[in-house]
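My questions will all concern the structure given below.
The values are calculated or read from the model by the stated rules, or taken from the named source; none is laboratory data. What you are looking at is a predicted structure, and each value in this text was computed from that prediction instead of being measured. Don't worry about glycine lacking a Cβ; one is built from the backbone with ideal geometry, like all the others, and counts go over all protein chains shown. Keep in mind that these areas ignore ligands, DNA and RNA; they rest on the heavy atoms of the full protein, side chains included. Shrake-Rupley method; radii C 1.70, N 1.55, O 1.52, S 1.80 Å.
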Amino acid sequence: FQGIFVLGLPYALLYSGYSGLFLIILAAALCCYTGKILIACLYEENEDGQLIRVRDTYEDIANACCKKLSPKLGGIVVNVTQVTELIMTCILYLVVSGNLLSHSFPYVPLTEKTWSVIAFVTLLPCVFIKTLKIVSKLSQLCSLVHFIIILVVMTYCLTQIHQWSWAKFRLSIEFEDFLVSVGVIIFSYTSQIFLPTLEGNMKNPEEFRCMLNWTHFFACVLKTTFALTAFLTWGEETKEVITDNLPSFLQTLVNLCLLTKALLSYPLPFFSATEIVYACISRGNHSNYRSPLSALGVRGSFLLLTLLMAMFIPHFALLMGLTGSVTGAAMTFLLPSLFHLKLKWKKLSFLEKCADISVFILGFLCSLAGIVCSIKGLLEVFG
């Protein structure tokens, strides 16, 4: 939850004002809710009224919902959506790594693309990752680095507390700017794509809902505190990535920490994407790894694909925004609420049905707005 998106939250407050603070809280509640209903779709009651896990993946849920239309259609749509979002996330980490390296070592005569290739070389061991345990260890290190970054930024902000002013907050906001803020805030919480795998690997899956409540609560508190502290420090001068506001002597340190974080963040989406593809190729026998060479080939191909796309896609940020508006909103809001309504309709109360329908409508509007803004940006870029 505390990903690189967090560094854009103060910038989001610049354009959303007081409503941005409310959005950070609302987004936490909505994403926590859709995470719970998605996992609820994995279970069905047996004859004794006990909940039994009858599905394992997002794909299984989609297939169960679309089985009357086509047994495999739902799974194909979900898998394509998941893999697209995960690959784009991996590419973003490579692009960010190249950008951070070029800014950290400006005196070295290398282009950003060359730096991206250097970052890519450090990620080659990812082809040997076979279990989620290894990924979780890397994610722990990633979290540690992230908190160092947050600590540095907040410590500096607290030294500037004498110039804080609530007058820096906007009362009136522009609609398009507000939509940008909504996208940044909502997608800083998204994790639904990993939840079925995560819940299935927990020692005590019955604690999943409690875990989701606490993680979203603490994520909300940290995001709000960080965004508020940084925005009160720089106000109208707040930059798109808040670390760019830091004095030069701190920027290099933070940039290197961000680079480490980006590289440590790469294995999770990479592992998830390759697992999905290999599961499709081996028709559900991926956990046995009966053909290690085949698994290695899938991972190696994905690794190379992310590098090539990072090197040659122009205007990647805008394309990422367009993809995120489609896949991010679908995986986070649209599909969980739709699947929950489809599979649990007879057992849902009136209020639960209203909640699911409201989330679906909200997700659709966010997605539509994001698509319009991204296409408008692409049209402006291409003249």
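Run residue 68 past the list (1) in a loop (DSSP other than H, G, I, E, B); (2) in contact with a helix residue (DSSP H, G or I) (Cβ under 8 Å, 6 or more places away or on another chain) and report the number of the one that doesn't hold.
(2)
Assuming residue 100 fulfils every condition listed in (1) open to solvent by 60 Å² or more (accessible area, probe 1.4 Å); (2) modelled with pLDDT under 85 apart from one, which condition is it?
That leaves (1) as the condition not met.
Then there's this: So residue 335 passes all but one of these: (1) open to solvent by less than 40 Å² (accessible area, probe 1.4 Å); (2) modelled with pLDDT of 85 or more; (3) of a type outside the set (Val, Ile, Thr); (4) in contact with a Leu (Cβ under 7 Å, 6 or more places away or on another chain). Which condition number does it fail?
(4)
Would you call residue 180 modelled with pLDDT under 85 and surrounded by 19 or more Cβ atoms within 10 Å (Cβ to Cβ)?
When the stated conditions are applied, residue 180 passes them.
A follow-up question, please. Can you name the number of the only condition in (1) at pLDDT below 90; (2) hydroxyl-bearing (Ser, Thr, Tyr); (3) surrounded by fewer than 16 Cβ atoms within 10 Å (Cβ to Cβ); (4) more than 19 Å from residue 299 (Cβ to Cβ) that residue 136 fails?
Residue 136 satisfies every listed condition except (4).
What's the number of the condition residue 173 fails, among (1) in a helix (DSSP H, G or I); (2) of a type outside the set (Phe, Trp, Tyr); (3) open to solvent by less than 80 Å² (accessible area, probe 1.4 Å)?
Among (1) in a helix (DSSP H, G or I); (2) of a type outside the set (Phe, Trp, Tyr); (3) open to solvent by less than 80 Å² (accessible area, probe 1.4 Å), the lone unmet condition for residue 173 is (1).
Something else: Please tell me if residue 51 is at pLDDT 90 or above, of a type in the set (A, V, I, L, M, F, W, C) and either open to solvent by less than 10 Å² (accessible area, probe 1.4 Å) or within 24 Å of residue 209 (Cβ to Cβ) (or both).
Here the answer is no, as residue 51 does not meet what is asked.
From (1) crowded, with 22+ Cβ neighbours inside 10 Å; (2) within 15 Å of residue 154 (Cα to Cα), pick out the condition that doesn't hold for residue 243.
Only one criterion in (1) crowded, with 22+ Cβ neighbours inside 10 Å; (2) within 15 Å of residue 154 (Cα to Cα) is unmet by residue 243, namely (1).
Please verify whether the range 45-52 includes one or more residues that are of a type in the set (Gly, Ala, Ser) and without any contact (Cβ under 8 Å) to a residue 60 or more places away in the chain.
Yes, the range 45-52 has at least one match.
If you take the residues of the range 202-237 that are aliphatic (A, V, I, L, M) and touching a residue at least 24 places away in the same chain (Cβ under 8 Å), which of them is surrounded by the most Cβ atoms within 10 Å (Cβ to Cβ)?
Residue satisfying both the conditions and the ranking: 227.
Output the residues belonging to the range 362-383 that are in a helix (DSSP H, G or I) and open to solvent by 90 Å² or more (accessible area, probe 1.4 Å).
If the condition is that a residue be in a helix (DSSP H, G or I) and open to solvent by 90 Å² or more (accessible area, probe 1.4 Å), then 364, 365, 379, 380 are the ones that fit.
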